[in-house]
1. Would you please give the FRET efficiency between residue 17 and residue 313, computed as 1/(1 + (r/R0)^6) with r the Cβ-Cβ distance and R0 = 30 Å, to the nearest 0.05?
2. Which percent of the accessible heavy-atom area of the chain goes to carbon and sulfur, probe 1.4 angstrom?
3. Suppose accessible area is computed on protein heavy atoms with a 1.4 Å probe; arrange 334, 107 from highest to lowest.
4. Suppose accessible area is computed on protein heavy atoms with a 1.4 Å probe; arrange 336, 200 from highest to lowest.
5. Which value results for Rg/Rh of segment 97-177 when Rg is the Cα radius of gyration and Rh the Kirkwood radius based on the inverse mean 1/r?
6. Taking the simple approach of a point 7 Å from Cα along Cα-to-Cβ for both residue 320 and residue 223, what is their distance in nm?
7. Mind listing the Cα extents of the chain along all three principal axes, in Å, largest one first?
8. Would you mind calculating the relative contact order of segment 103-194 from Cα pairs under 8 angstrom and at least 6 residues apart, reporting the percent as a whole number?
Amino acid sequence: MTRPTIADIAERSGVSKGAVSFALNGRPGVSEETRRRILAVADEMNWRPHRAARSLGNSRAGAVGLILSRPARTLGVEPFFGQIVSGLQAGLAEDGTALQLLVVGDTEAEMAAYRTWSAEQRVDGFVLLDPLAEDPRLPELERLGVPVMVMGGPLEGTSLSFSWADDIEAMHEAVDYLAALGHRHVVHVAGMPQFLHTQRRMKVLAEAKARHELAEVTSIPTDYSDSEGAVITRRVLSRRERPTAIVYDSDVMAVAGLGVALEMGVRVPQELSILSFDDSLLARLTHPALTALTRDTQGWAAEAARELLRLIADPTQPLRHQSSTPVLVPRESTARPIGR
């Protein structure tokens, strides 16, 4: 989809290009009624007048946008986001492109920011994190016609480009490992339930019950915060039949859960095994060090940035890039359960 021009606005408004220019730039020469009509048409066509010059010059903004709708408390403590941002900037810097970051409260605000930044040509493209089930952002970004690299997938029914790792295979490896150790009661402290990768991980765990003849498996969604990780861990460890293993969807929640287990006198790994996704430095500095599914998050983000730059240079060819599957790294936080 091409961005609207002054000629497009003039044609739809039924006026001359000169009248549109006067109206968009706040100059005299048109009546107030005509000015209002032109501005309404411009807004309807997703035009922002104070960025018009860039459209006429066909120049690049020299920046890529990353708009995040996550709780601020999560962004402040989660190493994953620091690795994503540093990786994106490293990949973009190779081309002299900057990363423009905005944190918003919800998906609606995120979509509004896409529309505004696109219309104002503030960026040359977008990176989108954490695709959702029935994600309304995807068709909106397709409608805007800007280059987009989605970090997550695989995605169906979209023309947008995406870069993804196989969360299903990674979760299979985690569950297979715990089952081989003899664990039969596993809890999954999951991320946000609307995320596709969360749903995929939860589905793998549910299917593992029959495949490994597990006694009980449970997935409990959270907002990825350390506080919710701690609350859920305390709740499941207070049950009469408590789990012998917990899989956490982030290192922050895993470390919070480890702290709760130690507080309650539950020995790790003798009485409780802990396994985490992401494997940041945080997972390796705890005692005991956490068994984790590791991947080069920073490298993945840098490659996604390079793919986006290629897409900006040639937006006619959507890109599909599969990064390496996370690999299980056993450490001191997992062991055979007592009595096995």
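1. Details: r = 30 Å, r/R0 = 1.01.
Approximately 0.50, to the nearest 0.05.
2. On the chain, the fraction of accessible area on carbon and sulfur atoms equals 52 percent.
3. Details: 334 15, 107 40 Å².
Solvent-accessible surface, decreasing: 107, 334.
4. 336, 200
5. My calculation puts Rg/Rh at 1.04.
6. 3.7 nm
7. On the principal axes, the chain reaches 87, 36, 34 Å in Cα extent.
8. Relative contact order of segment 103-194: 20 percent.
The values are calculated or read from the model by the stated rules, or taken from the named source; none is laboratory data. This one's a predicted model, so the numbers in the text were calculated from it and none came from an experiment. With ideal geometry, Cβ positions are generated from the backbone for all residues, glycine too; neighbour counts draw on all protein chains shown. The accessibility values were calculated without ligands, DNA or RNA, using every heavy atom of the protein model including side chains. Shrake-Rupley method; radii C 1.70, N 1.55, O 1.52, S 1.80 Å.
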